[in-house]
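*Asks:* Input: one structure, supplied below.
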Amino acid sequence: MIPVNATHPTHSIGTVCDLLANRHRRVVLDHLQDGDSDAVTLTELAAVIQTQVDDVESEQQARTILIHNHLPKLADYDIIEYDQRSETVRFCDGIQNELLFELGGFYK
């Protein structure tokens, strides 16, 4: 298991495929990329997930899935920063992350 907030200077092909394999994470990345601000709220992301992912029935379900699974996974690989106190999510800058966003766009 990879420790939380570990620094990963490069992402392997397997890691990229794993991160993009899940529709929830692709929607998060897409929303961050298309957003006008550099930070979005957990509430906003939950609403987007609830409307764009077929198997999510409520915003509360989306929120729980994001908090316990997808946001920590993206944060572990320094793709996003998730501030639990303010419940905000930010994209981490970096050429590898930009490429990940570009690849994620192909899987919409």
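*Asks:* Can you tell me how many residues within the range 54-73 are part of a helix (DSSP H, G or I), farther than 16 Å from R90 by Cα and either modelled with pLDDT under 95 or not charged (D, E, K, R) (or both)?
*Replies:* Here the count works out to 7.
*Asks:* Could I ask something else about it? Kindly indicate whether A47 is of a type in the set (A, V, I, L, M), in a helix (DSSP H, G or I) and at pLDDT 95 or above.
*Replies:* Taking the combined requirement at face value, the residue satisfies it.
*Asks:* Being small (G, A, S) and exposed (fewer than 13 other Cβ atoms within 10 Å of the Cβ) is the filter here, so list the residues in the range 53-74 that pass it.
*Replies:* S58
*Asks:* Need the failing condition index for G35 against (1) surrounded by 13 or more Cβ atoms within 10 Å (Cβ to Cβ); (2) more than 12 Å from the chain's Cα centre (by Cα); (3) of a type outside the set (A, V, I, L, M); (4) modelled with pLDDT of 95 or more, just the number.
*Replies:* Answer for G35: the failing condition is (4).
The values are calculated or read from the model by the stated rules, or taken from the named source; none is laboratory data. Keep in mind it's a predicted model, so treat the numbers as computed, not measured. So basically every Cβ, Gly included, is an ideal-geometry build from the backbone, and we count neighbours across all protein chains shown.
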